[in-house]
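Following: one structure in structure tokens, then a few remarks.
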Amino acid sequence: MKLTVRQKETLALLYPDRWVRPMEIGGGDGTYHSKVLRQLVRKGVVESKENPRSLMAIFHSPKAGRMYRLTAAGQEYAQPPTCPVCGEKPSGSNWMCHAPDVTSKRC
């Protein structure tokens, strides 16, 4: 499955055993988190449910807040890929240890 960089970064912030709201992983007004999370739900790597504490949920509004977590399928994509140059798994939001030019080694 092909994932965008933004989707990979968002997956890296989720957990399989804990439901989170978009704002708990950096989302807010004008950010891409909710849109990316919806895309990941459609791909089957994230699941969502209505936030039971949302006021909108209490009144059964279609705009009720959502909560998200990784699915079993999403767990393999949540890990950063192995760097093709050194074989290490990069940490943080860097998906590669090296720049495209391998002479600028960052491992």
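Miscellaneous remarks
- Selection count, the stretch 39-52, where residues are surrounded by 14 or more Cβ atoms within 10 Å (Cβ to Cβ) and outside any loop (DSSP other than H, G, I, E, B): 8
- Restricting the stretch 21-35 to residues that are surrounded by 16 or more Cβ atoms within 10 Å (Cβ to Cβ) and outside any helix (DSSP H, G or I), the residue that is modelled with the highest pLDDT: Arg21
- Test: Lys8 is modelled with pLDDT of 75 or more and either part of a loop (DSSP other than H, G, I, E, B) or exposed (fewer than 15 other Cβ atoms within 10 Å of the Cβ) (or both): no
- Pro62 satisfies every condition listed in (1) of a type outside the set (A, V, I, L, M, F, W, C); (2) crowded, with 16+ Cβ neighbours inside 10 Å; (3) at pLDDT below 75 except (2).
- When we screen Val36, Val5 for residues that are touching a residue at least 40 places away in the same chain (Cβ under 8 Å) and not acidic (Asp, Glu), the only hit is Val5.
- Taken as a whole, the condition of being of a type in the set (Ser, Thr, Tyr), modelled with pLDDT of 90 or more, within 10 Å of the chain's Cα centre (by Cα) and buried (at least 16 other Cβ atoms within 10 Å of the Cβ) applies to Tyr68.
The values are calculated or read from the model by the stated rules, or taken from the named source; none is laboratory data. A quick note: this is a predicted structure, and the numbers were derived from the prediction, not measured. Don't worry about glycine lacking a Cβ; one is built from the backbone with ideal geometry, like all the others, and counts go over all protein chains shown.
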